[in-house]
Every structure is written in structure tokens, then in C-alpha cells.
Amino acid sequence: MSAHDKGTLLSVRKLTMRFGGLTAIDDLSLEVPAGKITGIIGPNGAGKTTLFNCLTGFYKPTTGTLRLAHPVRGELRLEKLPSHRVARDAQVVRTFQNIRLFPKMTVLENLIVAQHNVLQRASKFSIAGIFKLPGYRQAERAAIERAAMWLERLKLTHLADDPAGALPYGIQRRIEIARALCVDPVLLCLDEPAAGLNPRESAELNELLLYLCGELDIAILLIEHDMSVVMNVSDHIGVISYGRKIAEGTPEQVRNDPEVIKAYLGEDEDEAEEAIARKIAAEGSNEEGQPA
């Protein structure tokens, strides 16, 4: 079955997230196709990171549903799951705007730590781990092998024993993605993975995302301000402004949508297409000002 035939992986319906008198997400509905890359874009403070926080269990939405069509477990309602089960059972995992590696741990150790749910169960909450019982040793070997596999696939094996915090910024971004992949995600949510990257590193990120989706069949949901990433890799794009969806479709449809032009430029619908391309490409700041 091709990616085109796989239908919807995640369905967001009438999602609302309020913080007291502030409505960060307002009656938002959108689709995330299986086996494809979906970009989420919008002006600063539009609610993109708040959406991610709802998807991954950091926030419980005020209202609305988040239905995941899990390939093994069937339909899962993400908004009803305890936060630790979103990654463990639903296999919806994320990276963050700001790098959150353990800087003094090696690269390999960072990837092993990501598998703590499996190791914790195998350790029977420390007893089997302390005495190195066979079941725990087997789980530990499997975690190391999985970490080594992702390091190899992402061309990071030569850095396995280096302290993560001592490596260049672009490499740390790649390690964060490798760490998330150790959980075998059904949906990989990347929050501004190109932030701080130079043009060469952004191009390498494009190649990595296309490889993960095209070769490994991992669905990706991507928040990004770098339009050279979003427009070049996304199959599907949703645009949010003030917590509401204003457009959804292919990159070409979104690029030419009058509401998108107005949201980014604050000008009339007849603004030239070249102007929106320049304006969107120039937008490079993050969403630190919104609730997080």
C-alpha cells in the first residue's frame, strides 16, 4: 500500500485550549495523513506549540478530540490518555524548540535513556536492574542495539562516546531526533528542528526528514519557521493564526491562499505571491511568548 492510500493518522476535531481568559487554540480541526510529512505554520504566538503540547500530553485540552489511528492498537483518544502513555502506548513523541539533551551524558547514553519505559519495566522497578537478572540484561542489550541502529542510520555512530553537550548545535539537533526515534514513533512531532541551523544544516535536515518518511514510513508533524524546510519536504500543510486554522492543503495551495497572505503580511489579498514568499522565508523567531 502506498503512503497515498493510508488515510488519516491523526484527526484533530474542535480543539480548544484556554488558559484563564486567554484562548490559545480556538475550535481547531485538521488532519494529519499517515506516511507523510505535515507542516504546521503560522505567525508568532499563533498557538502551534500549544497544539503540540496538547497532542503529546503536556496539556489537557479544554474541549475537543485528538483521535489517533494506531496501526496496532486501533483508535486511541490522546486527550484521554495520561501523559506518560502518549509516548509509551500511542507512540506519539516529540522534540522541543530548545535542545533538551543531557549534556554530560554521551550521545549513546542519551539514546538509551530515551528507552527508560522499557528498561524500567524490565528492571521491575530497580530490583532486577540492581542484581542484573537475565531479563534486565536482555532488555539492556536490546536498548543499546536500538540506540546503535539509529546512530548508524542518522550517521552519528562516530560520535557515540562523545558528551552530547560538547557537539555542534546542528549535530545536537540531529541527536534529539535520533533519541525520539528510539521510541519507535507512529507520529514524530518536531518543534522547530531547523531553529539555529545554517543553510547547509537545513538542507541536511530536509534530506533526513524525507528519508524518515519516504524510506522508513514514519509520519512527521512539523512546526517550522524555515520555509525552505516546510515547503520542500511537506506533503500537507496547516496554517494557524490566533489559534484558528485559516488554511490547509498542499504547499502550493497554502502558498497562494489569500488568508495566508493576509495573516503573514497584514495586507490585501492581491499582494503579490513573491512578497509572501519573501515574508514567510524571513520569519525566523520562535514562539517563546506564547503559553508553554
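Working carefully through the options A219, A178, A263, find the one that is surrounded by 15 or more Cβ atoms within 10 Å (Cβ to Cβ), in contact with a strand residue (DSSP E or B) (Cβ under 8 Å, 6 or more places away or on another chain) and modelled with pLDDT of 95 or more.
After ruling out the rest, the residue left standing is A219.
Consider segment 235-260. How many of its residues are farther than 11 Å from I41 by Cα, small (G, A, S) and in contact with a strand residue (DSSP E or B) (Cβ under 6 Å, 6 or more places away or on another chain)?
1
Return the residue satisfying two criteria in turn: it lies in segment 67-94 and is among the small types (G, A, S) and touching a helix residue (DSSP H, G or I) at 6+ places or on another chain (Cβ under 9 Å), and of such residues it is surrounded by the fewest Cβ atoms within 10 Å (Cβ to Cβ).
A87
Is it true that T56 is of a type in the set (V, I, T) and touching a Gly at 6+ places or on another chain (Cβ under 6 Å)?
Judged against the criteria, T56 is not a match.
Restricted to segment 171-197, and to residues that are without any contact (Cβ under 8 Å) to a residue 40 or more places away in the chain and out of contact with any helix residue (DSSP H, G or I) (no Cβ under 6 Å at 6 or more places or on another chain), which residue is nearest to L208 (Cα to Cα)?
R174
Could you check how many residues of segment 140-158 are buried (at least 19 other Cβ atoms within 10 Å of the Cβ) and in a helix (DSSP H, G or I)?
Selection size over segment 140-158: 5.
Return the pair list, or none, for Cβ contacts closer than 6 Å from residues in segment 25-43 that are on the phi > 0 side of the Ramachandran plot and surrounded by fewer than 19 Cβ atoms within 10 Å (Cβ to Cβ) to residues that are part of a strand (DSSP E or B) and among the hydroxyl-bearing types (S, T, Y), at least 6 apart or on different chains.
Partner pairs satisfying both residue conditions: D27/T16.
Please state which one of L159, L101, L167, L119 is at pLDDT 90 or above, hydrophobic (A, V, I, L, M, F, W, C) and within 29 Å of L55 (Cα to Cα).
After ruling out the rest, the residue left standing is L101.
What pairs can you find where one residue is in segment 54-65 and within 19 Å of F96 (Cα to Cα), the other is among the charged types (D, E, K, R) and part of a loop (DSSP other than H, G, I, E, B), and their Cβ atoms are less than 9 Å apart, with a gap of 6+ or different chains?
That search, which allows pairs on different chains as well, returns C54/K60.
The values are calculated or read from the model by the stated rules, or taken from the named source; none is laboratory data. Since the model is a prediction, treat every value here as computed from it, not as a measurement. Please note: Cβ atoms are built from the backbone with ideal geometry, for glycine as well, and neighbour counts cover all protein chains shown.
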